[in-house]
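Colleague: Questions regarding the structure given below will be posed in turn.
The values are calculated or read from the model by the stated rules, or taken from the named source; none is laboratory data. These figures come from a predicted structure and were not determined experimentally. Virtual Cβ from ideal backbone geometry, glycine too; neighbours counted across all protein chains shown.
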Amino acid sequence: MTGQGKHSLQRNRLYPLFASLILLSGCRADMPGFMNPQGPIAQAQRHHFWVIIALVMIVVIPVIIQTPLILWRYRYRGHAVYRPKWDMSRWLDIIMWAVPILIVAILGVYIWRQTHELDPYRPIAGDQPPLEVQVVGYDWKWLFIYPEQGIATLGQLVVPVDRPISFELTSATVLQSFFIPALGSQIDVMNRMVTRLHLEADHPGRFEGKNMQYNGEGFHRQRFVTRAVDDDAFNDFVQRTREQGQPLDRDAYAIIAQKGDNRDVARELGLNTDDTDAVIRFSTVPDGLFHTIMAGSPIDWSAMTITPPQQGTTRTSVIGGPSDNDTAPSSDHPSSSHDRKEAQP
Amino acid sequence: MSQNNVIPIEHNATQDAQKTRHPGLNLGPAHAHEEDTREEMVFGFWVFMMSDLIIFGLLFATYVTMLGGTAGGPGPSELFEMKSAFIETMLLLASSFTFGMASLALKYREDRTRLVFWLVVTLLLGVAFLFFELKDFHTMFDNGGVPSRSGYLSAFFSLVPLHGLHVTGACIWLVALLGQLAVYGLDAPVKTGILRLAILWHFLDIVWIGIFSLVYLGGLS
Amino acid sequence: MSARRLNEHEARECKTEQRSYVWGFALALVLTLIPFALVAFADIERLTLWVTIGACALLQVVVHLRFFMHITLDKNKREDLLLILFTVLILVILCGGTLWILFDLYQRMLPNMMP
Amino acid sequence: MSDAMSSIFGRLGWDALPFWSMLHDHSPMTLINGVIATGAAGMVVLGALAAIVLVSWLGKWKYLWSEWLTSPDHKKIGIMFIVIALVMLARAIIEAVFMRAQQAVGLDGGFLTAEHFGELFTTHGTIMVFFMAMPFLTGIINYVMPLQIGARDLSFPVLNQVSLGLTAAGAALVMISLVLAPFSTGGWTGYPPFTELSYNPGAGVDYWIWAVTLSTLSSTLTGINFAVTIFKKRAPGMKLFRMPLFTWTALCTAILMIFGMPPLTVATGLLALDRYLDFHMFTTDLGGNMMNYVNLFWAFGHPEVYILILPPFGIFSEVFATFSGKRIYGYKILVIATMCIAVLSFTVWLHHFFTMGQSAHINAAFGIATMLIGIPTGVKVYDWMLTMYRGRIRLSVPMVYAIGFIMLFVLGGMTGIILATPSVDYQIHNSLFLVAHFHNMLIPGLLFGMLSATNFWFPKAFGFRLEERWGYRAAFCWIIGFMLAFFPLYVLGLMGMPRRSVAYFEPQYLPWTIMAGIGALVILCALLCLLLQLWVSIRDRHANNVFVGDPLGWPDAGMVGLLTAAGIQLPGAARDLQH
């Protein structure tokens, strides 16, 4: 990825300095994570990462270089000067305290500003209003609710490119940590609490998403794919989900709430599960589902209005034309929505 | 090993033995020898108390953060009674004073009768405090204030009964010391024991100041 | 097991110390009665009430330390005074930090836990 | 009958035995894991039996009981602490090798079940912190510090025995968990609500709570003992600012133990109340609030980090001075820096949970406070370099560890500053980058320090030197193994690999996990070298005797300082060290 962001200038200057680390990290082009950022937040984080390394190197490099030199020069059998009683030098002391204090002062100002700028609660400015996504962590899967669109997905998060995404997150079970490394910050999710996160993707693509906080034996399987697509493809995804997804009703929810990963849910729902990226789409979601889960109160299905399928026009304004960027679902599972080999828009 | 040959270990016994060299409670001129060896014991106990104080402090902070966690259960205004809190406070304060009298009896007169008298009074006050506290808890339980009801009540029952447990421990220690007094007389270990118990007793009274101010008065106001 | 006879100096010292205990008890009593009376009888604003209760409690702690536990500014008590002050510093850091962090967290994600 | 059984065994059933599931389920995965678990349990049982048989065969029960187990002597208690630490170190390293081996083949598979892996990382962390690091440094301080200040023993010898007993009991619990019922899978931090009864009803978390609480109490009492000893039992003339640096760091560590351990006591105590008495401190329902657990745990956890690292700082100060044949550079500055670190360590604990959702100004404040600690630490590193400067450096075994420490520790410091930056921490929190960082601090810092101290002071304790060739081999294996095992984890962390995951699905991770696996094997070699070093040294002990014609024994730097303070002239080698 060649950087196109605002920080590209500094990066170009800094990177040759750290060629060794980049070499260490191997083939950068397909390196997952924020070293290969796909959004402004991750890009800024990579930038901070290198700035801090550069500043701290002022203290670290002399130690790494001088220690072997001292070892050689003052070796026991050497003939260098020997001053066993020398144990104080005012000037050296002043430098030794002043340099780190200065570095920390610079870092302190820098950190104060960057921490506020990259606060996950802080909305990202953009031309379009942010896309609202509600995330619920289960043992061991993530449910994504699109409240404006009235749909939900499991195991896959589809977001439009270049549009800020505003997440509200909670957990239906224990502490978890929601993380899409290529896009930016992780944030803890906890039952009865709502955390906020703002991200944006500026390149289309498929990125790994995961849980970072251990929560039992299925922890390593609690993954999802983030697909960043253009607006048309996103609208198409919404449309298709409304038409072909299955309702998130009491039975489906009971399956989700059990322990198990995406594949287990797909199997229980009777979907084809030979894929590691089992993707389940829900055409309707009970209103206020997220906050009910958050509060831990039992979901009263009868009292909740179900968004009627295929009448989404009342709830959304962004349905585009039927341009078909997504592959069609398999014909023998009309209600399922596996898209295993999506074409990249 | 070698160090024993060369290092004089003991403190100079004559070195201000008459003065009270250690802070807090101390023995008087009649106890010059114990005064000299007891210093580490008492200082160590102070350090232990300070470590304990951190535990209490964090439980106080936890209690404050859990004030909102009543989960629809009973809160402070429904559960606490001003009268019993006041009685408990008075009992504990009085016991602190009577223990002070006991310390004085030990320090100056080495008067066993007077010492035992004040210690017994202190013990009775402590037991009375515990009785009222338990009665309080009983009332709370009757009114639905059980720790499993809510996070708030859990925080309450991890703070206040811990103080009660300390008082119970102090009372048991006091009984043990009275026993030692009866069997061994007023020897050095018993004297330092009384000193340390006095520190614990006053310390528990200080913790109770926090409890009645923050938990009871704060909750009732 | 009769009491030891005190010489004149000791007797005076004993008297002084006894008086100090009584003083301490009286002060502590007053500082206890004030907040209880305020909560029970007075009808004042909550914040003022809390500040008064807190001030009385702090004063009473000082009274206990001074009169019952004999922590003074004397040089030979310096070690314990420092120990206590250091403990107070750590307590302030830990408890203050706990309250700061948790109430901030409540505000941002758990508003119903705000008391 | 069944009532009696259940009152004895509680929730324990036959399925608590490690081979039980293997008997009923014959799938390869269960078999492999059953064999591993049974092997571990067998080693515990056989090890205990072997020890019993050996002592009986040698007829040493009475000696063991009266000279060691009931001895209040600080030197013997110190040595027993170190023995516990070494046994637990061996176990935890073997566990680490299993974990690294699993991840080396863990691309969508591997040979360990997730449950088993969870127990491994939990026991590894718990053991390394509470039953390796703490006993090791407690043992060394116990042995050395009273000698350095000229005290005959600690202030409270019986309390010292109690501390040893508590630690031993905790370590025994962790060992028993290999045989009866598996350990917790909640990690060494034991975050609720995962460790609450509703999510984790088994005995594992209870093992964890009891083991950790016992160790915590032990450390609190030890801290009190050390602090009072240093304040009250110094020999005349041993003013505070004449104390050897190791004693200074011991004092600061003791203070941190006294004030840093109570938060953990509170956290585990409240968790225990939740589990046993149906409290709701950290539950998800009824007003419980797990964030406070995290807060309390790290209010302990950060001072703990400095409890672990300060004594090695002191040890390295002595080692650098001794083997450079030179005075320590900037004694007073080092003391002041140590005290700065000790106080600052109470102000930074939030950086362990930057991602929990608090405001940016809190994150930034704690991030900056964290970086402040970097200042005195950096000064210390430069002081050590200047101690070597213009000296005559002998690269003995303790010095090799010290050099490895100084070079690797600054790298760990750098990654520490990176992690202390909240905006970057949002990326690498909970990832293997973090794991690499704290191993980078604790292996070159704590472990190298302890091994350095062992090599340095062993002759003082036993009268003969540790053999050098195997010592060098162990040291180099440690340094190389550390780099091979943990530098790849930095890269993996940057690629977003979470810690504690038994398997992964990104093929890009594979080369790095394999490299880390090889590193773990090298570390295993280092452990073997250590054992061989001990064995060879004991075998050739007469050749390495240091007490020939030297009535003062082995003069360590601290002793020299002490003797000088007491105005005593030293013969021979000791006098060289004085200048």
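Colleague: Name the single residue that is surrounded by the fewest Cβ atoms within 10 Å (Cβ to Cβ) among those in region C:61-92 being assigned to a helix (DSSP H, G or I) and at pLDDT below 85. Can you show your working first?
Modeller: Looking only at region C:61-92, we keep the residues that are assigned to a helix (DSSP H, G or I), and these are C:61-68, C:75-92.
So of that shortlist, the ones also at pLDDT below 85 come out as C:75-80.
Numbers: C:Lys75: 8, C:Asn76: 14, C:Lys77: 20, C:Arg78: 12, C:Glu79: 18, C:Asp80: 22.
Going through the qualifying residues, I end up with C:Lys75.
Colleague: For region D:419-444, how many residues meet the condition of being within 28 Å of D:Leu137 (Cα to Cα) and part of a helix (DSSP H, G or I)?
Modeller: Count: 14.
Colleague: Given the conditions (1) touching a strand residue (DSSP E or B) at 6+ places or on another chain (Cβ under 8 Å); (2) within 14 Å of chain D (Cβ to nearest Cβ); (3) surrounded by fewer than 18 Cβ atoms within 10 Å (Cβ to Cβ), report the number of the one that A:Ile106 does not fulfil.
Modeller: (1)
Colleague: Conditions first: (1) under 18 Å from D:Met128 (Cα atoms); (2) surrounded by fewer than 20 Cβ atoms within 10 Å (Cβ to Cβ). D:Phe183 passes all but one, so which condition is the exception?
Modeller: Going through (1) under 18 Å from D:Met128 (Cα atoms); (2) surrounded by fewer than 20 Cβ atoms within 10 Å (Cβ to Cβ) one by one, D:Phe183 breaks only (2).
Colleague: Tell me yes or no: at least one residue of region A:249-271 is part of a strand (DSSP E or B) and in contact with a helix residue (DSSP H, G or I) (Cβ under 8 Å, 6 or more places away or on another chain).
Modeller: No, region A:249-271 contains no residue that is part of a strand (DSSP E or B) and in contact with a helix residue (DSSP H, G or I) (Cβ under 8 Å, 6 or more places away or on another chain).
Colleague: Oh, and also: Given C:His64, C:His70, which one is of a type outside the set (Phe, Trp, Tyr), facing chain B (nearest Cβ under 7 Å) and in contact (Cβ under 8 Å) with a residue 40 or more places away in the chain?
Modeller: The conditions single out C:His64.
Colleague: Scan region B:63-108 residue by residue and report those that are within 24 Å of D:His280 (Cβ to Cβ), assigned to a helix (DSSP H, G or I) and within 7 Å of another protein chain (Cβ to nearest Cβ).
Modeller: Of everything in region B:63-108, those that are within 24 Å of D:His280 (Cβ to Cβ), assigned to a helix (DSSP H, G or I) and within 7 Å of another protein chain (Cβ to nearest Cβ) turn out to be B:Val64, B:Thr65.
Colleague: While we're on this one: Out of everything in region D:203-258 that is charged (D, E, K, R) and assigned to a helix (DSSP H, G or I), what residue ends up being nearest to the other protein chains (Cβ to nearest Cβ)?
Modeller: D:Lys232
Colleague: Go through region D:390-404 and give me each residue that's of a type in the set (Gly, Ala, Ser), part of a helix (DSSP H, G or I) and either in contact with a strand residue (DSSP E or B) (Cβ under 7 Å, 6 or more places away or on another chain) or closer than 22 Å to A:Val81 by Cα (or both). Break it down stepwise before answering.
Modeller: So the first thing to find is which residues in region D:390-404 are of a type in the set (Gly, Ala, Ser), and the list is D:391, D:396, D:402, D:404.
Next, only the ones that are part of a helix (DSSP H, G or I) stay: D:402, D:404.
Correct list: empty.
Colleague: Counting only residues that are over 14 Å from the mean Cα position of the chain (by Cα) and facing another protein chain (nearest Cβ under 7 Å), which one in region C:17-36 is nearest to B:Phe99 (Cα to Cα)?
Modeller: Here the residue is C:Tyr21.
Colleague: Can you tell me which residues in region A:255-283 are hydrophobic (A, V, I, L, M, F, W, C) and modelled with pLDDT of 85 or more?
Modeller: A:Ile255, A:Ile256, A:Ala257, A:Val265, A:Ala266, A:Leu269, A:Ile280, A:Phe282
Colleague: Could you run through region D:384-415 and say how many residues are buried (at least 24 other Cβ atoms within 10 Å of the Cβ) and either among the acidic types (Asp, Glu) or within 19 Å of the chain's Cα centre (by Cα) (or both)?
Modeller: Adding up the residues that qualify gives 5.
Colleague: So, in region A:173-191, exactly how many residues are more than 19 Å from A:His220 (Cβ to Cβ) and surrounded by fewer than 24 Cβ atoms within 10 Å (Cβ to Cβ)?
Modeller: 1
Listed here are the residues, each with its yes/no results for (1) surrounded by fewer than 24 Cβ atoms within 10 Å (Cβ to Cβ); (2) not in a helix (DSSP H, G or I).
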residue: D:Phe111; (1), (2): yes, yes
residue: D:Gly125; (1), (2): yes, no
residue: D:Thr167; (1), (2): no, no
residue: D:Gly187; (1), (2): yes, yes
residue: D:Pro193; (1), (2): no, yes
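Colleague: Between D:Arg500, D:Arg465, D:Arg473, D:Arg539, which is among the basic types (Lys, Arg) and without any contact (Cβ under 8 Å) to a residue 40 or more places away in the chain?
Modeller: The unique qualifying residue is D:Arg539.
Colleague: I'd like to know if region A:32-40 contains one or more residues that are surrounded by 14 or more Cβ atoms within 10 Å (Cβ to Cβ) and among the aromatic types (Phe, Trp, Tyr).
Modeller: The answer is yes; a qualifying residue exists.
Colleague: Of the numbered conditions (1) touching a Pro at 6+ places or on another chain (Cβ under 6 Å); (2) within 15 Å of B:Ile209 (Cβ to Cβ), C:Asp80 satisfies every one except a single condition; which is it?
Modeller: Condition not satisfied by C:Asp80: (2).
Colleague: Now for a different question. Run down C:Cys14, C:Cys95 and say which single residue is within 7 Å of another protein chain (Cβ to nearest Cβ), at pLDDT below 90, crowded, with 16+ Cβ neighbours inside 10 Å and assigned to a helix (DSSP H, G or I).
Modeller: Values: C:Cys95 fails: at pLDDT below 90.
Exactly one of C:Cys14, C:Cys95 is within 7 Å of another protein chain (Cβ to nearest Cβ), at pLDDT below 90, crowded, with 16+ Cβ neighbours inside 10 Å and assigned to a helix (DSSP H, G or I), namely C:Cys14.
Colleague: List every residue pair whose Cβ atoms sit under 7 Å apart, with the two residues 6 or more apart in sequence or on different chains, where the first one lies in region D:381-404 and is more than 18 Å from D:Pro311 (Cα to Cα) and facing another protein chain (nearest Cβ under 7 Å) and the second, anywhere, is buried (at least 24 other Cβ atoms within 10 Å of the Cβ) and polar (S, T, N, Q).
Modeller: Filtered contacts from region D:381-404: D:Met388/D:Ser324; D:Gly391/D:Ser324; D:Arg392/D:Ser324; D:Ile393/D:Ser324.
Colleague: Give me the residue from region D:201-220 that is surrounded by fewer than 24 Cβ atoms within 10 Å (Cβ to Cβ) and among the aliphatic types (A, V, I, L, M) and, out of that set, modelled with the lowest pLDDT.
Modeller: Among them, the one singled out is D:Ala203.
Colleague: Take the residues in region A:109-139 that are within 8 Å of chain D (Cβ to nearest Cβ) and without any contact (Cβ under 8 Å) to a residue 60 or more places away in the chain; name whichever of them is nearest to the chain's Cα centre (by Cα).
Modeller: A:Asp119
Colleague: What are the residues in region A:203-231 that are in contact (Cβ under 8 Å) with a residue 60 or more places away in the chain, farther than 22 Å from A:Gln43 by Cα and crowded, with 24+ Cβ neighbours inside 10 Å, if any?
Modeller: Result: A:Asn215, A:Phe219, A:Gln222.
Colleague: When you scan region D:46-68, do you find a residue that is polar (S, T, N, Q), without any contact (Cβ under 8 Å) to a residue 12 or more places away in the chain and in a loop (DSSP other than H, G, I, E, B), even just one?
Modeller: no
Colleague: Another question, if that's okay. Within region D:447-488, how many residues turn out to be in contact with a Pro (Cβ under 6 Å, 6 or more places away or on another chain) and buried (at least 22 other Cβ atoms within 10 Å of the Cβ)?
Modeller: Qualifying residue count for the region: 4.
Colleague: One residue is enough: does region D:346-360 have a residue meeting the conditions within 15 Å of D:Thr253 (Cβ to Cβ) and in a helix (DSSP H, G or I)? Can you show your working first?
Modeller: Initially, region D:346-360 is screened for residues within 15 Å of D:Thr253 (Cβ to Cβ), giving D:346.
So of that shortlist, the ones also in a helix (DSSP H, G or I) come out as D:346.
There is at least one residue in region D:346-360 that is within 15 Å of D:Thr253 (Cβ to Cβ) and in a helix (DSSP H, G or I).
Colleague: Please go through region D:405-434 and pick out each residue that is touching a Gly at 6+ places or on another chain (Cβ under 7 Å), within 22 Å of D:Met450 (Cα to Cα) and in contact (Cβ under 8 Å) with a residue 60 or more places away in the chain.
Modeller: D:Phe405
Colleague: If you check B:Tyr184, B:Tyr216, which single one turns out to be of a type in the set (Ser, Thr, Tyr) and surrounded by 23 or more Cβ atoms within 10 Å (Cβ to Cβ)?
Modeller: B:Tyr216
Colleague: Please state which one of D:Arg327, D:Arg275 is among the charged types (D, E, K, R), outside any loop (DSSP other than H, G, I, E, B) and more than 25 Å from the chain's Cα centre (by Cα). Working first, answer last.
Modeller: On the way: D:Arg327 fails: outside any loop (DSSP other than H, G, I, E, B).
One residue alone meets the criteria, D:Arg275.
Colleague: Just the residues that are more than 7 Å from every other protein chain (Cβ to nearest Cβ) and in a helix (DSSP H, G or I), please, taken from region C:37-49.
Modeller: Start the filter on region C:37-49 by keeping residues that are more than 7 Å from every other protein chain (Cβ to nearest Cβ), which leaves C:37-38, C:41-45, C:47-48.
Within region C:37-49, C:Ala37, C:Leu38, C:Phe41, C:Leu47, C:Thr48 meet the criteria.
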